[in-house]
Amino acid sequence: MKNILLSLLILVSFNCLAQTYRSAIGKFEAESFDSKLNVSTETCLDTDGGLDVGGMVDNSFLSYRFETFEAGYFTFKIRVANGFSDNASLQLVRAADLTVLTQVAVPRTGGMQSWTTITMLAKLPKGKQTLRLTAEHGIFSINWFEISRSTTALPGKVEAELFDMSRTVRIENSATASAGNVVADIDDADWLDYSVNVATAGTYTFYFHVSNAWGNGIIEIQNDYGPVLNQVNVPRTGGWQNYVTVSTTAVLTAGSHVIRFNARQGAFNLDWFEATRSAPLITKKIPGKIEAEDFDGVSEIQTENTGDIDGVLNVGSIEDGDWMDYHVKVTTAGVHTFQFRVASPNGNCKLEIKNAAGTVLGQISIPWTGGWQSYQTLTTTATLTAGNQVLRLYANKGYFNINWFDVQFGNNIPKPKPTITFAALSPKSAPAPDFVLTATSTSTEAPITFTSSNTAVITVSNATGTWKAKVIGEGTANITASQAASASFAAADNVTQTQLVHTSAPSAISAKITLDPKRWYQLTNATQSLEGLFDGNTQVNVNTGWGKVLNEYEAYYPLLPGEQIMIDGIKFFDYEGSATDNPMSLSIINANWERVQIATFKGYQYNTWVGPNPDSQASDDSQFALSSPVSNFRYLVLKVQGVLPTEMEFYGSYTPPTQAFSPVPQKSARLGDMFGVNGYEWNFELGNNPGQVNEPMMNMAKSFGGFRHYMDWQKLEPEEGVYTYNPTIYGGWNYDAIYERCKAENIEVLACLKTLPTWMLDSYPAGEQDNENVPVRFGKDFTDPLSYIEQAKMGFQYAARYGSNTNVDPALLSTHSTPRWNGDVPNSVKIGLNLVKYIECDNERDKWWKGRKAYQTAREYAANLSAFYDGHKNTMGAGIGIKNADPNMKVVIAGLVTGPDYIKGMVDWCKQYRGYKADGSVNLCWDIVNFHLYVDNATLNQSGTSTRGAAPEVTNAKQIVDDFMKTSHEVSQDMPVWITETGYDVNQGSPLKAIPIGNKSELITQADWVLRTSLFSARAGIEKVFFYQMYDDNTGSGMFGTSGLLNADQTRRPAADYINQVNKQFGDYRYKETIYADPIVDRYELNGKSLFVLTVPDEIGRTGEYTLDLGENGVAKIYTPTAGSTTMAVQDMPITDGKVTVTASETPIFVVAAPATNARTAAVASAAPALPIVESLHADVKVYPNPTSDFISIDLANERFGNIEIKVFDAGSGRLHSKTNLDKKDNKFSHKLNISNLPASMYIVEITQDEQHAFRKVAKLN
């Protein structure tokens, strides 16, 4: 028994002695384990030889006993080999409770004896412990591992490449790096881990030395794999070798930590980082503008590409409680005005401005703005202290985006301008009693005062406390109501009314005068004319349409040269309704351009005739008499505010005009000018390389004959008076390069200057901000040319650069000449590049759907054009207006959508405010008339009430075009007329969709209708057409979204195929005449050679035969546009007695006569120019049965093997229906082809072998 006890004591003592713990610092051979599971040792072929532990399979482990003498993070470097496992992973496990401390993937190394070193970081407590290296998934081997503590101390500077662990980054050498190396290719979700020792707890400033060529980088700082402490944006630095320093702060505790820099967004490079205590922050200056994404600290938000007009990114996903910190330096203490550029789809949001202590300094309520990317600018104030500080933008109620905010010293919130209402004044007869002047205002803080322009007619006074007017004598006087500024309001705009005073009232009226009711035009988006006022029907109310942008508007009746009207009486038929508070008034504009009111209609009566003075007590015909006759006037003007009479009659005398309008002359349009396209700079240059033209994009652009450049003013003038072209500050686009290439490729450029720049838009209240507003600062008078001076200055700068005049004074020109980064080539002044001949003053200035803030009447737009054209006849100063920079550049009217009456209003404004030239013509301020034409099965005015698009010949499109041509001829000096937007969608949910017809898809119908629109326009006399647009805006069902002619992969849609083919083949031909109506037969001509274009004007898949008289012998070449090809299909047919009979379809065909050749004259069709028939293959091929109703068999017997291509074409149109490729392996070949799906018609079957061709005509029966 004693021996047994002694043995047990010896064994226990031995085991106790064996439980040794090694220091956790050092290098350890894997085979020195203290225990193991399912592993074995083997000879190691690594560089240091010895043994390794092999066969680490799933759940096998090696145990080691360690003692750590201080707690903290330890770095484990482990030498491993993995020959074939794709999911091998190694865990570090605490044996006591099997807690996984960390783990890492074991990569494939190329073999079980090919070695690499992997790294893990683990936090260990102080003391003795057993650790396991466990194979979560095998199979792999371990040679040795090394444990160390970090020597990286904070505060301190650390080279980025000294990370302990990382994800998919690369170390590269850099000449501009501080130590020669940088960490590169840091992309989304990549990270860098650094094991560090923090000396003392506190707030640390982290500096990052970074470069970024094109990314939107964001660095997040994490401590010990916990929550994000803060983040910082990595700006674009102008290249991968251009480094800048950015900073943010984070609070750290003392001791051992793993700091992770996580790339929330890439791409960027990191050279070094530094963490310091009490170091100054890199601050943003106030006053100044700060991009929202340039935050220095942030909660859980994200950045995204902005749809706003003035930025690249915005901050989005802002929810309740989210915040952004900005380190700022405030120059002067005091009240500051904050402007926030925000968007919200729901509204009811609240954003607070806080200081570092959490005190709320100011706030804004964010309403519904129209969507996530529909922005408004909201304003508030906050009192700031001077110096460095942190401002926090806190979302008290979230669900909004921020693009930027701007802070300026002082309370700069503009006072609202009150509105004065001052009704028209009825004519008076002298003598007359004094009468009270009444006007109201939306402000009651200041009194309304009155003045008279002619005290010999009217004097005004408020001596009794009430403003009254006193009649002095006969004539006219302008009475003006004014209101000065007050504590809460700015000064109101003056309102003026004309008072007419007659000597006595006549008692009788003369004969009835008949006017031309079609001559009236209305200064609003009326869809119906005023002809109902003169149709003789007193029992039907006159309605000029619904949805008018102006409920109070004017209508003009211009008198023609030599026309004289004397009016002594007026009758209105008062049917029903009244307008006591909003009467209709009738005025004249006399020879001195004075407006004199002569009649008022208030609707006092019911179903009876009334006269011009609703307050008259007369009951006989004298009630219809004017107080005195009027004559020698230029215009009759109706002011419509409410109810209209159902009839209007004029009495007096009439002298007809001496002018007789001639017929509209036939224009000879060049066919190639019908093939322009709308597009943007990004249709030529890529966003990640905007400085040069992208060749695949350019190759697609060469499909078209013209380019209408949608050109945002913001890119050209990002700050007022700062001009950029190459590069643009926003986007870095190179306009010079685009225009140079377009000129080299014979693509005519029309520059369309549109939308408001941010610095102008910011003048508008939040609810009125829209980048398509009228191009003036908020509160400016739309009727005053001076209101448009900023746009006219921009036009001058652009025309001086891209126009043809090389003699512009350089002192008048400037550009943004500061490099954006080191090595950047900034803008420079250039003069007379002669790249652009045409410029369009904005886009759709009659855009009624945007409301009054974005709508200009014809007279207002004429004032705009007058400034833009020549600085309102050179009255606005130097450096203003297109013609003052380049007299040769043509100014194009903004594409109109509401009809040619708009042109009439513009002309009449020019008569009044620009006068006449020496030759007696009106001094107009444009060179080209322009409108938009989207052809649908409803109104053709972009109303969205249609259900689909329509072929141009089956709608009233011709009437619209003819009206524009007639208006240009009669009042706009017969200027060229263009269509700069037209087209069709292909999404079948769009109200402007092209529809499938028969076996034609919507894409083929789009191609047919687009080509027919070009032919239709040339036929009508239009001189240029630009289709909307190069590429789709989106793939949705909204109108205009899928009108693109090109695919996103830089290939052509069928519509672009057609344009490209016709333009290359026949672009220089000019329209001469239309010789037949159905099918339409147009004749074009080039150098005496005729081209005939035949089209069936329908949309049901109809065809029709026509015998063309070509006037010569030979062959007729019939060209048919073909989808998917660079050339048209061509068919040769013999000419007999100068004539040829062809079959026209809804796809236009083009026919020219050519000399006969020795080739067979049987009809031949191909997808390329006609090829001669090779007799050997022709004799070898048999095609049967013929005719057939379902299948044809193709037999071929010869000694050639390989590919056989079989094509089936429509014999009439040349359209390719099918293409089949087969392999001929024997001397005999047979194939059965199913054509049962084709409609009954004649078809050409083409068989190709070894570049030899054979053709057979086959009749398909039902």
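Being touching a strand residue (DSSP E or B) at 6+ places or on another chain (Cβ under 6 Å) and aromatic (Phe, Trp, Tyr) is the filter; apply it to the stretch 653-702 and report the residue that is nearest to residue 568 (Cα to Cα).
Among those residues, the one meeting the criterion is 654.
I'd like to check something: does the stretch 952-963 contain any residue that is surrounded by 17 or more Cβ atoms within 10 Å (Cβ to Cβ) and among the acidic types (Asp, Glu)?
Yes: the stretch 952-963 contains one or more residues that are surrounded by 17 or more Cβ atoms within 10 Å (Cβ to Cβ) and among the acidic types (Asp, Glu).
Could you tell me whether residue 281 is farther than 17 Å from residue 160 by Cβ, among the aliphatic types (A, V, I, L, M), in a strand (DSSP E or B) and at pLDDT below 85?
On the way: farther than 17 Å from residue 160 by Cβ: yes; among the aliphatic types (A, V, I, L, M): yes; in a strand (DSSP E or B): no; at pLDDT below 85: yes.
Here the answer is no, as residue 281 does not meet what is asked.
Would you confirm whether any residue within the stretch 271-278 is out of contact with any Gly (no Cβ under 9 Å at 6 or more places or on another chain), over 16 Å from residue 195 (Cα atoms) and not acidic (Asp, Glu)? Working first, answer last.
Applying the first criterion (out of contact with any Gly (no Cβ under 9 Å at 6 or more places or on another chain)) to the stretch 271-278 yields 271-273.
Now drop any that are not over 16 Å from residue 195 (Cα atoms), which leaves 271.
After this cut, where a residue has to be not acidic (Asp, Glu) as well, the list is none.
The answer is no, given that none of the residues of the stretch 271-278 is out of contact with any Gly (no Cβ under 9 Å at 6 or more places or on another chain), over 16 Å from residue 195 (Cα atoms) and not acidic (Asp, Glu).
Scan 96, 81 and give me the residue that is more than 24 Å from residue 260 (Cβ to Cβ), in contact with an Asp or Glu (Cβ under 9 Å, 6 or more places away or on another chain) and small (Gly, Ala, Ser). Steps first, answer last, please.
Numbers: 96 fails: in contact with an Asp or Glu (Cβ under 9 Å, 6 or more places away or on another chain).
None of the others qualify; the one that does is 81.
For (1) modelled with pLDDT of 95 or more; (2) small (Gly, Ala, Ser); (3) out of contact with any strand residue (DSSP E or B) (no Cβ under 6 Å at 6 or more places or on another chain); (4) not in a loop (DSSP other than H, G, I, E, B), each residue gets a yes or a no:
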residue: 1026; (1), (2), (3), (4): yes, no, no, yes
residue: 1041; (1), (2), (3), (4): no, yes, yes, no
residue: 1050; (1), (2), (3), (4): no, no, yes, no
residue: 1085; (1), (2), (3), (4): yes, no, no, yes
residue: 1092; (1), (2), (3), (4): yes, no, no, yes
residue: 1097; (1), (2), (3), (4): yes, no, no, no
residue: 1119; (1), (2), (3), (4): yes, no, no, yes
residue: 1124; (1), (2), (3), (4): no, yes, yes, no
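Return yes when residue 611 is in contact with a strand residue (DSSP E or B) (Cβ under 7 Å, 6 or more places away or on another chain) and either over 24 Å from residue 529 (Cβ atoms) or surrounded by fewer than 20 Cβ atoms within 10 Å (Cβ to Cβ) (or both) and no when it is not. Talk me through it step by step, then tell me what you get.
Details: in contact with a strand residue (DSSP E or B) (Cβ under 7 Å, 6 or more places away or on another chain): yes; either over 24 Å from residue 529 (Cβ atoms) or surrounded by fewer than 20 Cβ atoms within 10 Å (Cβ to Cβ) (or both): yes.
In short, yes.
Just the residues that are under 17 Å from residue 192 (Cα atoms) and crowded, with 21+ Cβ neighbours inside 10 Å, please, taken from the stretch 225-245. Write out each step before concluding.
Going residue by residue through the stretch 225-245, those that are under 17 Å from residue 192 (Cα atoms) are 225-234.
Matches in the stretch 225-245: 231, 232, 233, 234.
Mind checking which residues of the stretch 582-600 are part of a loop (DSSP other than H, G, I, E, B) and either touching a residue at least 60 places away in the same chain (Cβ under 8 Å) or within 17 Å of residue 622 (Cα to Cα) (or both)? Let's see the steps before the verdict.
Applying the first criterion (part of a loop (DSSP other than H, G, I, E, B)) to the stretch 582-600 yields 582-583, 591-594.
Scanning the stretch 582-600 gives 582, 583, 593, 594.
If a residue has to be among the hydroxyl-bearing types (Ser, Thr, Tyr) and exposed (fewer than 14 other Cβ atoms within 10 Å of the Cβ) to count, how many in the stretch 1181-1192 make the cut?
The initial filter retains those residues of the stretch 1181-1192 that are among the hydroxyl-bearing types (Ser, Thr, Tyr), namely 1184, 1188-1189.
Subset that is exposed (fewer than 14 other Cβ atoms within 10 Å of the Cβ): 1184, 1189.
Residues that pass the stated criteria total 2.
Tell me which residues, restricted to the stretch 735-756, are in contact with a Ser or Thr (Cβ under 9 Å, 6 or more places away or on another chain) and either at pLDDT below 95 or in a helix (DSSP H, G or I) (or both). Please lay out each step first, then the result.
Initial filter on the stretch 735-756 (in contact with a Ser or Thr (Cβ under 9 Å, 6 or more places away or on another chain)): 735, 750, 752.
Matches in the stretch 735-756: 735 only.
Is it the case that some residue within the stretch 646-653 is at pLDDT below 90, surrounded by 15 or more Cβ atoms within 10 Å (Cβ to Cβ) and more than 30 Å from residue 1021 (Cα to Cα)? Walk me through it before giving the result.
Taking the stretch 646-653 and keeping what is at pLDDT below 90, we get none.
The answer is no, given that none of the residues of the stretch 646-653 is at pLDDT below 90, surrounded by 15 or more Cβ atoms within 10 Å (Cβ to Cβ) and more than 30 Å from residue 1021 (Cα to Cα).
For the stretch 925-934, state whether one or more residues are in contact with a strand residue (DSSP E or B) (Cβ under 9 Å, 6 or more places away or on another chain) and hydroxyl-bearing (Ser, Thr, Tyr).
Step one: filter the stretch 925-934 for residues in contact with a strand residue (DSSP E or B) (Cβ under 9 Å, 6 or more places away or on another chain), giving 925-934.
Those still in the list that are hydroxyl-bearing (Ser, Thr, Tyr) too: 934.
Yes, the stretch 925-934 contains at least one residue that is in contact with a strand residue (DSSP E or B) (Cβ under 9 Å, 6 or more places away or on another chain) and hydroxyl-bearing (Ser, Thr, Tyr).
Can we say residue 444 is over 25 Å from residue 583 (Cα atoms) and at pLDDT below 95?
Details: over 25 Å from residue 583 (Cα atoms): yes; at pLDDT below 95: yes.
Yes; evaluated as a whole, the condition is true for this residue.
When you look at residue 979, is it in contact (Cβ under 8 Å) with a residue 12 or more places away in the chain, within 21 Å of residue 675 (Cβ to Cβ) and over 17 Å from the mean Cα position of the chain (by Cα), yes or no?
Working: in contact (Cβ under 8 Å) with a residue 12 or more places away in the chain: yes; within 21 Å of residue 675 (Cβ to Cβ): yes; over 17 Å from the mean Cα position of the chain (by Cα): yes.
Spelling it out, residue 979 is indeed in contact (Cβ under 8 Å) with a residue 12 or more places away in the chain, within 21 Å of residue 675 (Cβ to Cβ) and over 17 Å from the mean Cα position of the chain (by Cα).
Matching residues to (1) surrounded by fewer than 21 Cβ atoms within 10 Å (Cβ to Cβ); (2) within 30 Å of residue 474 (Cβ to Cβ); (3) not aromatic (Phe, Trp, Tyr):
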residue: 616; (1), (2), (3): yes, yes, yes
residue: 670; (1), (2), (3): yes, no, yes
residue: 675; (1), (2), (3): no, no, no
residue: 686; (1), (2), (3): yes, no, yes
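Does residue 263 count as part of a strand (DSSP E or B), at pLDDT 90 or above, within 30 Å of residue 158 (Cα to Cα) and touching a Pro at 6+ places or on another chain (Cβ under 7 Å)? Lay out the reasoning, then the answer.
On the way: part of a strand (DSSP E or B): yes; at pLDDT 90 or above: yes; within 30 Å of residue 158 (Cα to Cα): yes; touching a Pro at 6+ places or on another chain (Cβ under 7 Å): no.
No: the conditions fail for residue 263.
Tell me, yes or no, whether the stretch 461-476 has at least one residue that is surrounded by 13 or more Cβ atoms within 10 Å (Cβ to Cβ), small (Gly, Ala, Ser), in a loop (DSSP other than H, G, I, E, B) and in contact (Cβ under 8 Å) with a residue 12 or more places away in the chain.
Checking the stretch 461-476: at least one residue is surrounded by 13 or more Cβ atoms within 10 Å (Cβ to Cβ), small (Gly, Ala, Ser), in a loop (DSSP other than H, G, I, E, B) and in contact (Cβ under 8 Å) with a residue 12 or more places away in the chain.
Going by the conditions given, is residue 1014 surrounded by 24 or more Cβ atoms within 10 Å (Cβ to Cβ) and either over 17 Å from the mean Cα position of the chain (by Cα) or assigned to a helix (DSSP H, G or I) (or both)? Can you show your working first?
Working: surrounded by 24 or more Cβ atoms within 10 Å (Cβ to Cβ): yes; either over 17 Å from the mean Cα position of the chain (by Cα) or assigned to a helix (DSSP H, G or I) (or both): yes.
Yes.
Being within 26 Å of the chain's Cα centre (by Cα) and either within 17 Å of residue 843 (Cβ to Cβ) or among the polar types (S, T, N, Q) (or both) is the filter here, so list the residues in the stretch 870-893 that pass it.
Those that are within 26 Å of the chain's Cα centre (by Cα) and either within 17 Å of residue 843 (Cβ to Cβ) or among the polar types (S, T, N, Q) (or both): 882, 890, 891, 892, 893.
Looking at 789, 831, which is the one that is surrounded by fewer than 23 Cβ atoms within 10 Å (Cβ to Cβ), assigned to a loop (DSSP other than H, G, I, E, B) and at pLDDT 95 or above?
Working: 789 fails: assigned to a loop (DSSP other than H, G, I, E, B).
Among 789, 831, only 831 is surrounded by fewer than 23 Cβ atoms within 10 Å (Cβ to Cβ), assigned to a loop (DSSP other than H, G, I, E, B) and at pLDDT 95 or above.
Tell me, please, whether a residue that is under 25 Å from residue 128 (Cβ atoms) and either touching a residue at least 60 places away in the same chain (Cβ under 8 Å) or surrounded by fewer than 16 Cβ atoms within 10 Å (Cβ to Cβ) (or both) can be found in the stretch 79-88. Steps first, answer last, please.
So the first thing to find is which residues in the stretch 79-88 are under 25 Å from residue 128 (Cβ atoms), and the list is none.
The answer is no, given that none of the residues of the stretch 79-88 is under 25 Å from residue 128 (Cβ atoms) and either touching a residue at least 60 places away in the same chain (Cβ under 8 Å) or surrounded by fewer than 16 Cβ atoms within 10 Å (Cβ to Cβ) (or both).
Mind checking which strands (runs of 3 or more DSSP E) fall wholly inside the stretch 1164-1262 and carry at least 2 residues that are at pLDDT 85 or above?
Details: elements: 1181-1184, 1191-1197, 1202-1210, 1216-1224, 1228-1234, 1241-1249, 1252-1260.
Fully inside the stretch 1164-1262 and qualifying: 1181-1184, 1191-1197, 1202-1210, 1216-1224, 1228-1234, 1241-1249.
Which ones in the stretch 799-828 are assigned to a loop (DSSP other than H, G, I, E, B), buried (at least 17 other Cβ atoms within 10 Å of the Cβ) and not hydrophobic (A, V, I, L, M, F, W, C)?
Residues of the stretch 799-828 assigned to a loop (DSSP other than H, G, I, E, B): 803-809, 813-828.
Now drop any that are not buried (at least 17 other Cβ atoms within 10 Å of the Cβ), which leaves 803, 805, 808, 813, 815-816, 827.
803, 805, 815, 816, 827, listed by residue number.
The values are calculated or read from the model by the stated rules, or taken from the named source; none is laboratory data. Just so it is clear, the model here is predicted, and its values are computed rather than measured. Counting neighbours? That spans all protein chains shown, and the Cβs are built from the backbone with ideal geometry, glycine included.
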